[in-house]
Amino acid sequence: MSSVHAERRVKIGRGLFASTTALLGVAVALELHAGHYDTVVYPTISAALGVIGVVLTTRLPEHRISWVLAVTAFWGALGGLAFAYAYEALIVDPGSLPGGLAAAWLDNWWWLPGLALPPAALLLLMPDGHLASRRWWPVAAAVLAGTVLGSIAVSASPTFDLHAGTPIENPLARVGGVPVAAAGITGAILLAGGLLASLAAFIVRFRRSTDEERLQLRWVGLSLGVAVPLFLVGSLLWGVVPGAELLPAIAFLALPIGIAVAILKYRLYEIDLVINRSLVYGLMTVGIVAGYIAVVALVGSVLSSRGDFLLSAFVTGLVAVCFQPVRQRVQRFVNRLMYGERDDPYTAIAKLSRTLASSLQLDGVLANIVETIGETLALSYVGVALDAGNNTGLFEIAAEYGISGADSLTVPLIHQGAVLGELRFAPRPGERLRERDHRLISDLAPQVAAAAHALGLSRELQLARQRIVQLREEERRRIRRDLHDGLGPALAGLTFTLEAVRNLTGSDAERADALLVSATAQVQTMIGDVRRLIYGLRPPTLDQLGLAASLRGLAAQETTATTAVNVNTPASIPPLPAAVEVAAYWIAQEALTNVKRHARARSCSVRLAVESTILRLEIADNGAGLSNGSTGIGLHSMRERAAEVGGTCEIGVRTGGGTLVVASLPRLATEAVVG
């Protein structure tokens with residue numbers, strides 16, 4: 001919008017406010033002259049609405065909502081003047097002012113457009129002054145058509161109500177008839193449907209909104225939470241309780257105030273508690289008033305003979321007794337609506353526990369966890385990021401619920417002192433988590449960490465089973481190959497040799513003897529093959545000599561003129577699992593082979609220590625050490641053998657130079673025996 005056009009709109013807005021002020025001034029003067037001091041509050045409310053309108057038309061002249069509020073204030077001032085003028089002209093001093101009937105006719109129906117059109121327009125146009133989409137145009141058209149038809153029907157009512165003792169007849173009442181009645185019914189249907197659809201449009205836009213737009217709409221929701229209970233209470237008590245007719249007027253002002261704050265100060269948001277309390281006490285107010293009226297109507301018919309005082313005392317006591325439990329129930333309902341189960345930590349933890357207990361598929365555990373936390377605590381995003389491995393310190397998303405935003409918060413997942421990953425979460429757009437919400441999520445994190453740890457163990461177990469099956473099949477294939485390609489043909493050849501010896505025994509003893517010599521050599525070769533097969537399954541020295549002596553035997557084999565290998569073992573070694581003995585033997589052999597081939601070391605030490613739950617094997621040399629990024633087959637083999645029995649094997653640089661291999665293997669805690 002150009003500056004000239006904007007300035008013109010600002011002037012129009014100020015002129016509209018000046019007209020509103022002038023109309024209100026005349027109306028107040030007439031009210032005071034007539035002695036209607038109790039109705040002066042209505043022009044005051046219109047004046048407040050006019051101030052909101054002029055502020056918005058001055059600061060945001062291009063915004064349609066600014067003009068909706070400004071025109072609404074002007075229309076309210078015009079209606080207030082119509083009532084005051086008609087009362088002065090027809091009741092206080094009949095005939096003193098011209099056009100009294102016309103003013104009474106306007107006062108008879110002006111309220112309907114003033115009550116119907118502004119709320120519908122504000123709900124449809126918030127927060128940017130435009131409809132959410134073209135499909136909402138029929139809603140605006142329905143409200144407008146319903147208002148026009150309803151106003152026609154109301155304007156043709158038989159009398160004018162000017163709060164006087166004698167009603168004043170409407171000259172236009174005879175013009176109505178069936179068409180006007182039909183217009184009234186049609187208008188009421190269109191108006192009711194249009195207002196409900198306007199509210200639905202606001203709710204849809206709120207659910208689809210994000211960031212600042214959602215924050216603006218929350219202020220409108222707050223003002224609705226205040227306005228609706230006040231309007232309903234005022235309508236129910238109209239004419240019953242003195243001053244109750246002021247409540248709908250105040251309610252009508254609540255929505256524009258909330259909208260003005262949303263448009264002008266939309267960055268000042270700390271209204272969760274305000275909305276919560278407004279909903280609670282709004283619902284309580286409506287409930288108590290409705291209950292009061294219902295009890296009065298029900299009990300009054302029975303106890304009317306006992307006097308109004310007894311009836312009022314009974315109803316007051318009943319309401320007082322019921323208020324606190326009802327308030328608590330309403331409070332829990334509103335808290336659950338706004339915060340999910342954050343205000344009930346036991347429920348949140350119980351739901352998560354049930355989710356963990358009912359998750360049958362391992363792959364779906366984390367997905368069920370984040371979904372449960374997200375839905376239970378009413379969060380927009382929940383994610384579990386676990387350690388990616390490879391000692392990178394990075395976390396990868398394992399499961400997530402909702403859409404991640406830039407303002408995600410994190411809680412570390414720690415189990416038994418180890419950081420497994422992070423629990424990431426984000427509140428709904430425009431919402432800020434309270435301190436107790438953070439504490440609840442921190443209390444849920446250990447359960448998530450335990451589930452992640454259990455899931456990791458399950459996956460490791462599955463991988464271990466797969467590795468065992470693969471190793472078993474590889475070992476079977478090797479044995480089958482050795483038997484099929486080596487021992488099997490050798491036995492077949494030996495059979496043929498022995499058959500030949502048998503055939504030559506009587507005719508050629510010298511030839512038969514040569515064949516027996518050959519058969520003996522074949523048998524010796526087969527014996528060596530069988531020993532090799534057995535040795536591949538488990539080194540026989542472990543059964544014959546024990547682990548300590550076997551290690552000393554390896555050291556003796558690898559000792560050369562340039563490299564001395566020393567072995568230090570306990571005097572007694574407790575019984576060890578067979579798999580642990582084999583793993584320690586092969587790790588030591590592989591480490592000593594690497595020392596001999598690559599280290600160029602002058603000395604190497606092998607140390608075996610038995611701890612309470614661990615068998616620790618250390619091989620240290622003073623050679624060249626490991627090169628950066630060393631990933632040889634031998635290094636991988638040592639780590640894999642340790643992992644197969646549930647242990648670890650760390651290979652690194654030795655202090656002072658050289659290589660240090662430390663294997664920690666689990667053992668059974670039994671009494672030591674001589675090894």
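The values are calculated or read from the model by the stated rules, or taken from the named source; none is laboratory data. The structure presented is a predicted model; accordingly, all values stated were derived computationally and were not measured. Glycine also receives a Cβ, built like all others from the backbone with ideal geometry; neighbour counts cover every protein chain displayed.
Brief remarks on what is shown
- Qualifying positions in segment 53-67 - aliphatic (A, V, I, L, M), modelled with pLDDT of 80 or more and over 38 Å from the mean Cα position of the chain (by Cα): 54
- Restricting segment 101-118 to residues that are of a type outside the set (A, V, I, L, M) and in contact with a strand residue (DSSP E or B) (Cβ under 9 Å, 6 or more places away or on another chain) leaves a set whose member that is surrounded by the fewest Cβ atoms within 10 Å (Cβ to Cβ) is 105.
- Residues being closer than 22 Å to residue 171 by Cβ and not aromatic (Phe, Trp, Tyr) - total across segment 107-161: 17
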